[in-house]
1. Run the numbers on the chain and let me know its relative contact order in percent, using alpha-carbon pairs under 8 Å that are six or more apart.
2. What number, in percent, do you get for the relative contact order of region 74-177 if the mean sequence gap of Cα pairs under 8 Å and at least 6 apart is divided by its residue count?
3. Any idea what Rg and Dmax come out to for region 74-177 if you just take the C-alpha atoms, in Å?
4. Stretched out fully, how many nm does the piece from residue 50 to residue 147 gain, at 0.36 nm a residue minus the Cα gap?
5. Give the calculated FRET efficiency between residue 112 and residue 177 to the nearest 0.05, with a Förster radius of 25 Å applied to their Cβ-Cβ distance.
6. If you build a Gaussian network model of the chain, linking Cα atoms that sit under 10 Å apart, which residue out of 19, 88, 41 swings the most?
7. Once you keep just the Cα pairs under 8 angstrom separated by 6 or more residues, what percentage relative contact order results for region 1-86?
8. First measure r as the distance between the Cβ atoms of residue 34 and residue 95, then evaluate 1/(1 + (r/R0)^6) with R0 = 22 Å and state the FRET efficiency to the nearest 0.05.
């Protein structure tokens, strides 16, 4: 099983099936409560990110193709160390690729331009050579993500579930890296 398949299985398990909670801005095609149509979220594919899709009728195969094209490829998942790819991919699905890539770049101390290129990959390669380098990089990425999510107005409603997910990620990253 390749890194994408292993990572996909873990991330999609966090996302679950169809939900259509009108209190979740991601369920609305306009990205905000009462903006557009409430079409829901399924396996992490939201109406806000994909307003053109029939969310309720997405299959797991549909979602896997979307995950690879719209998230994995955009974070250069095949070029990252497996644990880093997993943490960045999970952030991309849950918070958007722009945020995920900038958090990774900030953690790697490179310009956070939102595009994983040669400089970002070289910096991550250098970090990976250091003792605990990947763990330190992953910790910083997750910490930045937690800070962002805790500041969202929906944290009060969804924060405990998000916190559980974020706390579980380092353990899953270890399993991917093994």
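1. Contact order relative to length: 17 percent.
2. Details: 105 pairs, mean separation 31.1, N = 104.
Relative contact order, region 74-177: 30 percent.
3. 13.1, 40
4. 32.4 nm
5. Computed FRET efficiency for residue 112 and residue 177 comes out at 0.55.
6. 19
7. Result for region 1-86 is 23 percent.
8. Efficiency, from the Cβ-Cβ distance: 0.50.
Only the coordinates and a few stated rules stand behind these numbers; no lab work does. None of the values given here were measured: they were computed from a predicted structure. No Cβ is skipped: glycine too gets one built from the backbone with ideal geometry, and neighbour counts run over all protein chains shown.
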